[in-house]
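Only one structure is covered here, and it is reproduced in the block below.
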Amino acid sequence: MYRRIFLQNTGRVLAGLLGGPLLSKRSSHFNLPFDAAERVIDPRDEAFWALVREQFPLTKERIYLNTGGLGASPHVVVAALQNKINELERISETGHSEELWQSIKEKAGKILGCKAEEIAYTRNATEGCAIVCNGLPLQRGDEVITTTHEHVGNTLSWLGRQKRDGIVMKTFEPAVFSAQQNVERIAQRITKRTRALSIPHITTSTGQILPVKQIGELAAAHKLWYFVDGAQAAGMLPINVHEIGCHAYATSGHKWLLGPKGTGLLYVRENALDLIEAKHLGGYSNAGEFDMVSGVFQLHPSAQRYEYGTVSTPLFVGLSAALDFLLGIGMQNVWRHNFALATTLREGLRKLEVEINSPQSPEEYSAMITFTHKRMARDPLIKFLAEKYFLRTRGIYEGGLNAVRISLHVYNSFAEVERVLEGVQAATEQLE
Ligand SMILES: Cc1ncc(COP(=O)(O)O)c(C=O)c1O
């Protein structure tokens, strides 16, 4: 039933487009109509966002609400990836060149707010977290402060290091009602042995935007190394890692950035390159002479030192297309849209029988909203929403929660938010 409604709506929107100014710009799936970065796009501009939605092969037979887990890629990304594979397999070459690497990193730098030379390609956010965790010069007894709401991808490296090297992990529970309280909770845990902070930009659990800039000021005041896990932030909202003041920032290419699966970006501040030791070294880490007999080698002066062996060029050419796609819409427009959807969802959920686990303050909730039903456990609710309402959501167990998370990105719509609300209401009614 939902499919029918959706197709009807889409048909109406596209019919509207036929006479609209956007049509002249719309040529094919592979030729994007977006030059929107310089304009302010209304989140409720149905024609524009329907056109964005049309760029994705993502099925309309279910509603995809799990970008926090995995982002859907638009046609342009799939085509760029496939074309590059076809091109390179015909001649069996890696396709790597300094110019190509640099040009993609320049785009990534626009998304993260840094220089191309401060970016390394990784396979995922987990790899970026691991490079930082294992590369910091920590010693037995050194303390690192993090939250109790970390994703497993940023937990295991630290636990491994705790076991192997005797560092001490200290945690705090993120306060969802006050950003300032989080800064205070961190400050209260700082001792003479504290060396580093490892903080998510946006928590995977409740989608809370942590006050990463203020935390950066605290880190600087105490001369602490500061790592931010940005897996949930890059591609969801505008970011400026230089303003955050962190030494390193890791993210996925395959979530909010909408890139190929198995891509990630690691930012390491120029003057932290020698601080965070590159533990895996190889051809891509090297610049200049190397010799086993004399022991001479030269680390690459940029963050490329963290890339070591052959990397899949097609994956990163695909990521480049994804960056173009988002930059074409404009990150301010992306965020305005995602935030408006999240606000509508939040307001609707307040009228239902659920507890909203995500923060209340508009400065702190993001495009991921998490809630717990007051009378229905997480798994049966997720099953009900999937089977009866064709919603792909994600269960949350992180931070001890038993909740459902809804992620809202460029391909989601207000109609889909309404559908989530209807589904939750129907789940409640069938309990009665
Ligand atoms: C905060 C956070 N960090 C790290 C990860 C791991 O990301 P990846 O799968 O790219 O390694 C996730 C994934 O959901 C996450 O939410």
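What follows is calculated from the coordinates using simple rules that are stated; it is not laboratory data. Bear in mind that the values here come from a model prediction, so they are computed numbers and not experimental data. Glycine also receives a Cβ, built like all others from the backbone with ideal geometry; neighbour counts cover every protein chain displayed.
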Using Cα pairs under 8 angstrom and six or more residues apart, how large is the relative contact order of the chain, in percent? 22 percent
Report, in listed order, any pair from LYS163/LYS223; LYS163/LYS261; LYS110/LYS170; LYS170/LYS351 with a Cα-Cα distance greater than 28 Å. LYS163/LYS261; LYS110/LYS170; LYS170/LYS351
Looking at segment 239-289, which GluC sites (Glu not before Pro) are DSSP coil and have at most 16 other C-beta atoms within 10 Å of their C-beta? GLU277, GLU289
Based on the inverse mean of 1/r over its pairs of different Cα atoms, what is the Kirkwood hydrodynamic radius of segment 108-165, in Å? 13.0 Å
Average Cα contact separation per residue, segment 79-327, under 8 Å, 6 or more apart, as relative contact order %: 26 percent
Considering the Cα positions of segment 321-432, please state its Rg to one decimal place and its Dmax as a whole number of Å. 14.6, 49
Any idea what % of Cα-Cα pairs in the chain are farther than 40 Å? 20 percent
Please list the radius of gyration and Dmax for segment 324-363, considering alpha-carbon atoms only, with Å as the unit. 13.2, 41
q = 0.19 Å⁻¹: log10 I(q)/I(0) that the Debye formula gives for segment 267-360, counting C-alpha atoms only: -0.96
For segment 79-327, with the dipole built from +1 on Lys and Arg beta-carbon atoms and -1 on Asp and Glu ones, taken about the Cα centre, which of LEU319, ILE145, GLN82 lies farthest toward the positive end? ILE145
Using unit Cβ charges (K, R positive; D, E negative) and no other charged atoms, how large, in debye to the nearest 20, is the dipole of segment 79-327 about its Cα centre? 860 debye
Put +1 on the Cβ of every Lys and Arg and -1 on every Asp and Glu Cβ in segment 79-327; which of ILE111, VAL268, GLY166 then has its Cα farthest towards the positive end of the dipole? GLY166
Sites HIS222 and LEU159, calculated FRET efficiency, Cβ-Cβ separation with R0 25 Å, nearest 0.05: 0.60
Any chance you could tell me what percent of the C-alpha pair distances in segment 79-327 go past 34 Å? 17 percent
Would you calculate the separation in nanometres between label points at ALA377 and HIS242, each defined as 7 Å from the Cα along the Cα-to-beta-carbon direction? 5.2 nm
In debye, nearest 20, what is the charge dipole magnitude of the chain about its Cα centre with +1 on Lys and Arg Cβ and -1 on Asp and Glu Cβ, if you could check? 940 debye
Among MET236, MET292, MET376, which one shows the biggest mean-square fluctuation in a GNM of the chain, springs joining Cα atoms closer than 10 Å? MET292
With unit charges on the beta carbons (Lys and Arg positive, Asp and Glu negative) and the dipole taken about the Cα centre of the chain, which residue among TYR308, PHE290, VAL420 sits farthest to the positive side? VAL420
Of GLY230, GLY113, GLY95, the one that fluctuates the most in a GNM where the chain has Cα springs shorter than 10 Å: GLY95
Anchor LYS383: lysines whose Cα lies under 20 Å away (excluding residues fewer than 8 positions away in-chain): LYS60, LYS374
